[in-house]
Amino acid sequence: MVSDHQYPDLQIEGLVFAQLDRPVRLLSPQCRSAAELALAAADADALLNQYCPVDAEAIAALRRCRVISRYGVGTDTVDLPAATAYGIAVTNVPDYCVDEVSDHALTLLLAAARRLVWLDRVVHRGVWDYRPARPLGRLRGRVLGLIGFGRVARALAAKVQPLGLRVLAHDPLVPTEAVRLGGAEPVSLEQLAREADFISVHEPLTPATRGLVDARLLALMKPTTVLINTARGPVVDARALAEALQQGRLGGAALDVLEPEPPPPDHPLRALPQVILTPHVAWYSEESEQELRRRAAENVVLVLRGQRPATLVNPEAWPPHPARR
């Protein structure tokens, strides 16, 4: 069962599942809530999941499920402890869109640095004048701070080197020597906040990272700093960010992710002219979407064949042993 998806069809998944030596019935009820999922997926042997929350109650209702395969890098839609407790393997596709997301983060950085979106709006209003954009600083010699130093952050660090940016990085899970080899200087989160002209967020959403960029951290940043987020919306405290921008304590923000998504009309960041917003699209290209769908389906096939996927998120649940409820 595919809990939910935004694709025109499920042909890619169907071709992968055809490799199994048994008939496959592929269902897609387009669930929008965990309660809907609990009713729809009770008899599913495997679950592909995009955005629908898979909470503990939904997992408890999965009587036969052996694997929950995420369409994506993050697994924050799935209650991992519950899945593990019920012996259900959880998989993801952690590296399918590294180029796309790092390209998007770089695009947001450049657009903010040159005020491209704002200038485009000015020209469309009939004003042909660069002076309203003053002051614009030279990019070379400025500082990019990376919060998190995984695959995407490392790709971004490499892509900004020719631009002459100095790169700082904070990631307590990555050894300092690995950070240096990746082209960045390892620093504390506080030093990064104080020194960076651009700060790009690349942390997964976990209990430890929720609200990581909060009012305290924002207060350490320069009044010209631009915050970029292509990771997960809840890593940044949106209300604290909006207040910092409204009060002139921060230069701008360029965000591909928000909390919630989509943002309501009265979301505090939607009305601010110094904020660039894109609709959680950093992951997308035609190639990355096809790769994501194929590999997510292949993870299901591996588990149903009794083979351990390389991208198993909860190794404690291997081999899967779904308890009958």
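A compact table of results
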{"item": "Residue in the range 230-240 that is buried (at least 19 other Cβ atoms within 10 Å of the Cβ) and closer than 22 Å to residue 136 by Cα present", "result": "no"}
{"item": "Search result, residues across the range 166-193 that are among the basic types (Lys, Arg) and crowded, with 16+ Cβ neighbours inside 10 Å", "result": "166"}
{"item": "Pick from the range 261-296, criterion farther than 27 Å from residue 155 by Cβ and hydrophobic (A, V, I, L, M, F, W, C), ranking: modelled with the lowest pLDDT", "result": "271"}
{"item": "Residue pairs meeting the criteria (Cβ under 6 Å; at least 6 apart or on separate chains; first surrounded by 19 or more Cβ atoms within 10 Å (Cβ to Cβ), in the range 303-317; second of a type outside the set (Phe, Trp, Tyr) and part of a helix (DSSP H, G or I))", "result": "309/299; 309/302; 314/80; 314/84; 317/84"}
{"item": "Cβ pairs under 9 Å, 6+ apart, first in the range 122-138 and among the charged types (D, E, K, R), second assigned to a loop (DSSP other than H, G, I, E, B)", "result": "138/164"}
{"item": "Segments classed as strands (runs of 3 or more DSSP E), wholly inside the range 57-171, with at least 3 members that are closer than 26 Å to residue 214 by Cα and of a type outside the set (D, E, K, R)", "result": "143-147, 166-170"}
{"item": "The listed residue being in a loop (DSSP other than H, G, I, E, B), touching a residue at least 12 places away in the same chain (Cβ under 8 Å) and closer than 20 Å to residue 108 by Cβ, out of 183, 211", "result": "183"}
{"item": "Lone qualifier among 70, 63 - being of a type outside the set (S, T, N, Q), surrounded by fewer than 20 Cβ atoms within 10 Å (Cβ to Cβ) and not assigned by TED's automatic domain parsing to the domain that holds residue 228", "result": "63"}
{"item": "The one condition in (1) at pLDDT 95 or above; (2) in contact with a helix residue (DSSP H, G or I) (Cβ under 7 Å, 6 or more places away or on another chain) that residue 299 fails to fulfil", "result": "(2)"}
{"item": "Lone qualifier among 38, 44 - being buried (at least 18 other Cβ atoms within 10 Å of the Cβ) and either part of a helix (DSSP H, G or I) or in contact (Cβ under 8 Å) with a residue 60 or more places away in the chain (or both)", "result": "38"}
{"item": "Candidate set from the range 1-25 (those that are more than 25 Å from the chain's Cα centre (by Cα) and part of a loop (DSSP other than H, G, I, E, B)); member that is surrounded by the most Cβ atoms within 10 Å (Cβ to Cβ)", "result": "24"}
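The values are calculated or read from the model by the stated rules, or taken from the named source; none is laboratory data. Only a predicted model underlies this, so the values are computations on that prediction, with no experimental measurement involved. With ideal geometry, Cβ positions are generated from the backbone for all residues, glycine too; neighbour counts draw on all protein chains shown.
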